[in-house]
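K.L.:
Got a structure for you, written out below as structure tokens; questions coming shortly.
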Number of protein chains: 2
Amino acid sequence: MTDILHGNLIQAPSFGVLETIPRGYLVLEDGVIEDVYRRLPERYAACPVTDWGQGLIMPSFADLHLHAPQYPMLGMGMDLPLLEWLDTYTFRTEARFEDLSYARRVYRQLARDLIASGTTRVAMFSSRHAAATLILMEELERAGVTGLVGKVNMDRNAGLSQETTEESVSETLRWLENCRFRLVKPILTPRFTPACSDSLMEALGKLAAERGLPVQSHLSENRGEIDWVGQLHPDCAQYWESYRKYGLWKKGTLMAHCVHSDPREQEAMAREGVWAVHCAASNVNLCSGTAPVRELLNRGVPVALGSDIAGGDSLAMNQAVVMAIRASKLRQMETGEPFLTVPEAYYLGSGAGHRYFGGGGGFQPGTKLHAIVVDDSGFPEPARELTLSERFERAVYLMDRRSIKAVYSEGVSRL
Amino acid sequence: MTDILHGNLIQAPSFGVLETIPRGYLVLEDGVIEDVYRRLPERYAACPVTDWGQGLIMPSFADLHLHAPQYPMLGMGMDLPLLEWLDTYTFRTEARFEDLSYARRVYRQLARDLIASGTTRVAMFSSRHAAATLILMEELERAGVTGLVGKVNMDRNAGLSQETTEESVSETLRWLENCRFRLVKPILTPRFTPACSDSLMEALGKLAAERGLPVQSHLSENRGEIDWVGQLHPDCAQYWESYRKYGLWKKGTLMAHCVHSDPREQEAMAREGVWAVHCAASNVNLCSGTAPVRELLNRGVPVALGSDIAGGDSLAMNQAVVMAIRASKLRQMETGEPFLTVPEAYYLGSGAGHRYFGGGGGFQPGTKLHAIVVDDSGFPEPARELTLSERFERAVYLMDRRSIKAVYSEGVSRL
């Protein structure tokens, strides 16, 4: 079936490139992008057109790092030091997902909130619970959120949320057996090196190799953590090597934060194709620092953005884009490294993440449509007619759930 | 007439103090706070009660620095260096307010947006135009926004927006003659030292003294500007002295930014009772830096917050509070100076500003009510029952126009 979307088309197909087509046409065949056009080709003349008027049609957001069971604690505990925050809020909140009816309610709200905020692809941490993780995946699929979800593994230093090594492995197997979803797939998720014993890391590395499963975890978020990993793995010169030792450091592995990754660690990421997921709001909220994003990119490390709720305080990925710009401006003042422009940061929060999942950076023919439609008519009345680039920039800063009028995920309208 | 508001009362009556009364009573006599009560005194038993249920009743926000004629450019030009941003956007946009019907439309939208965002008191820059400034004051008063508005003075280095010295003075007099508003009063507004000739500064200083008018301007926002002032006033050891020279440095003078104010400048503020208005988002967006807020406070300088649109990208003062916290966390990482807690930063964005205008820090008996009611029932379902302090903290981070259910300004419900 042919569908045609008509409106102002805006895309950042690659890092730093912005393309606009005023009142253009986006042609879909069964949800797959056929192409975009300035004028509608004759052969589509008879097809139905969805006209979004002056709306801005742009690729949706991809959130490559967030903790689903921390959604209930969004915006709380921000005055606490990291370890107290983990004990008072994080581990206690995550432990609640033993209760499956609670999990169902919270995850349904989260999945709808993601779609309403324009996020259609995610790489997500769940809790340690296999059953709640399956409920999370089911609710995401129902709402139209696609991507990867991981049951978290943590058999040490995880307070109330801790499991034994045996439980951790058997729950993981039970969870994997029951992962039968079309759009949401499993990803192995050792919480981070200090929370996983050597034998658990070994078991997960084996599983990753045997079943070809992807991996996500945390890397070099703060200095205390880095020192801790050094004590736990004296044979590893750097944090990342504690993942490599067990076969978890491989192409497509997602590493959240990388705030303190030095050139050697960055080169190890570039060499192996490991991704850095930049979570600017969380890194400031938890006093971790500002990540060297441009340095990572210049070294060839693939970078995407994450909301990192609930270290981050907002699911809205346009706000994650704005915070990435702000963090880069703070770094520029410190190091002289040029800040991220709006199109650059938007690409990291959108196209880069879509590419991780095999999609296109922008509206790439042959890929399923992941897009939002923004109505900017409620924004302040401008002093003159704006270019589409200006309207794009303003939308990145000002959009919220009220201005996001449509969300397409995997080619289907979901809002 | 007696009005009683019933709900969860939350206030930060002074810096760092948070007080909560679960399901308490706030008694108003003709819009003036009589007192707050845990239980309703017998003598009010027959009075009508507005029950906000589980809503959070808390003091509204006060925005002590924003540029009304920059509202149309909100969220744009953020990739440009400061001077190019001024030329391409700011001066051109401000020049549009020659057109009074445009001014009427934009200022009406702005005034409503302020109320919807929970801001009931402002200290605001207008453009150079007397007529448009009067329209701005009229629209604020109509919507219920109270405070101070200044016709901007700028007879040099102001591109398209520039006026001659004679025009600047005569327009100011014409504007002052026509300021007949109940809740919105005039404030003298030399844009900043580089945009005002010595004779203009002199005329404004004279006017301030003769009519007892308050003054607002900018101070030490970035290093280039500070050097520039040094060249323009070689007789002044520091930026602030260029204001003092003309009688503009006095008790209650509002100085936006103070990012690079050193101990000597800070002491001059404390000594004279000059206020620092901290605009964290703008200072990062324009790569100015992070202001030494706790240092200013420790030296006895009164501090309030400003959205500084359109260097800032959001009118929402809860976001200004959150950005002030983030900026303070970045400073803590750099200098070790403790960050601003949520109650501290909220006080700066609310009570401190109300006090500037003679109101109370919290619900102080004898002052007119300035408050918002936040409905947090749409926030993520928590993992356990939350304390009111936790709900307060979460509301500061998560509230938006959808969750602000009521706004009281000068004792009157305005939303």
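K.L.:
Please pick out the residue among B:Tyr102, B:Tyr107, B:Tyr89 that is within 14 Å of chain A (Cβ to nearest Cβ), within 18 Å of B:Val184 (Cβ to Cβ) and not acidic (Asp, Glu).
P.N.:
Among B:Tyr102, B:Tyr107, B:Tyr89, only B:Tyr107 is within 14 Å of chain A (Cβ to nearest Cβ), within 18 Å of B:Val184 (Cβ to Cβ) and not acidic (Asp, Glu).
K.L.:
Could you check segment B:74-135 for helices (runs of 4 or more DSSP H) lying wholly inside it with 3 or more residues that are of a type outside the set (S, T, N, Q) and touching a Lys or Arg at 6+ places or on another chain (Cβ under 7 Å)? Step through it out loud before you land on a result.
P.N.:
Working: elements: B:82-85, B:91-95, B:100-116.
Filter on segment B:74-135 gives B:100-116.
K.L.:
Ok, one more. Just one of (1) over 16 Å from the mean Cα position of the chain (by Cα); (2) surrounded by fewer than 24 Cβ atoms within 10 Å (Cβ to Cβ); (3) touching a residue at least 24 places away in the same chain (Cβ under 8 Å) trips up A:Val284, so point out which.
P.N.:
A:Val284 satisfies every listed condition except (2).
K.L.:
Quick one: in segment A:331-372, which of the residues that are closer than 24 Å to B:Met76 by Cβ and of a type in the set (S, T, N, Q) is nearest to the chain's Cα centre (by Cα)?
P.N.:
Only one residue fits best here, namely A:Ser350.
K.L.:
Now, a different point. Of all helices (runs of 4 or more DSSP H) completely enclosed by segment A:221-338, which ones contain at least 3 residues that are under 27 Å from A:Phe91 (Cβ atoms) and away from every other protein chain (no Cβ under 14 Å)?
P.N.:
A:223-232, A:239-244
K.L.:
Within segment B:138-154, identify whether any single residue is out of contact with any Phe, Trp or Tyr (no Cβ under 6 Å at 6 or more places or on another chain), surrounded by fewer than 22 Cβ atoms within 10 Å (Cβ to Cβ), touching a residue at least 24 places away in the same chain (Cβ under 8 Å) and at positive phi, and answer yes or no.
P.N.:
yes
K.L.:
Report whether or not A:Gln70 is more than 30 Å from A:Ile21 (Cα to Cα) and crowded, with 21+ Cβ neighbours inside 10 Å.
P.N.:
Criteria met by A:Gln70.
K.L.:
Shifting gears a bit: Step by step: first the residues of segment A:26-73, then only those that are aromatic (Phe, Trp, Tyr) and either touching a residue at least 60 places away in the same chain (Cβ under 8 Å) or in a loop (DSSP other than H, G, I, E, B) (or both), then the one that is farthest from A:Arg128 (Cα to Cα). Which residue is that?
P.N.:
Kept after step one, since they are aromatic (Phe, Trp, Tyr), are these residues of segment A:26-73: A:37, A:44, A:52, A:61, A:71.
Narrowing the set further to residues that are either touching a residue at least 60 places away in the same chain (Cβ under 8 Å) or in a loop (DSSP other than H, G, I, E, B) (or both) leaves A:52, A:61, A:71.
Working: A:Trp52: 43, A:Phe61: 27, A:Tyr71: 15 Å.
Result: A:Trp52.
K.L.:
Shifting gears a bit: Do we have B:Gly358 as over 30 Å from A:His67 (Cβ atoms) and either assigned to a loop (DSSP other than H, G, I, E, B) or at the interface with another protein chain (Cβ under 9 Å from one of its Cβ atoms) (or both) here?
P.N.:
Taking the combined requirement at face value, the residue satisfies it.
K.L.:
Continuing with this model, one more query. Name the residue, out of A:Ala395, A:Ala352, A:Ala345, that is buried (at least 22 other Cβ atoms within 10 Å of the Cβ) and more than 12 Å from chain B (Cβ to nearest Cβ). Full working, then the answer.
P.N.:
Working: A:Ala395 fails: more than 12 Å from chain B (Cβ to nearest Cβ); A:Ala345 fails: more than 12 Å from chain B (Cβ to nearest Cβ).
Going through A:Ala395, A:Ala352, A:Ala345 in turn, just one is buried (at least 22 other Cβ atoms within 10 Å of the Cβ) and more than 12 Å from chain B (Cβ to nearest Cβ): A:Ala352.
K.L.:
Keeping to segment A:371-409, report how many residues are touching a Gly at 6+ places or on another chain (Cβ under 6 Å) and assigned to a loop (DSSP other than H, G, I, E, B).
P.N.:
Result for segment A:371-409: 1.
A short reminder: the numbers here are calculations on the coordinates, not readings from a lab. None of the values given here were measured: they were computed from a predicted structure. Glycine gets a Cβ as well: all are built from the backbone with ideal geometry, and neighbour counts include every protein chain shown.
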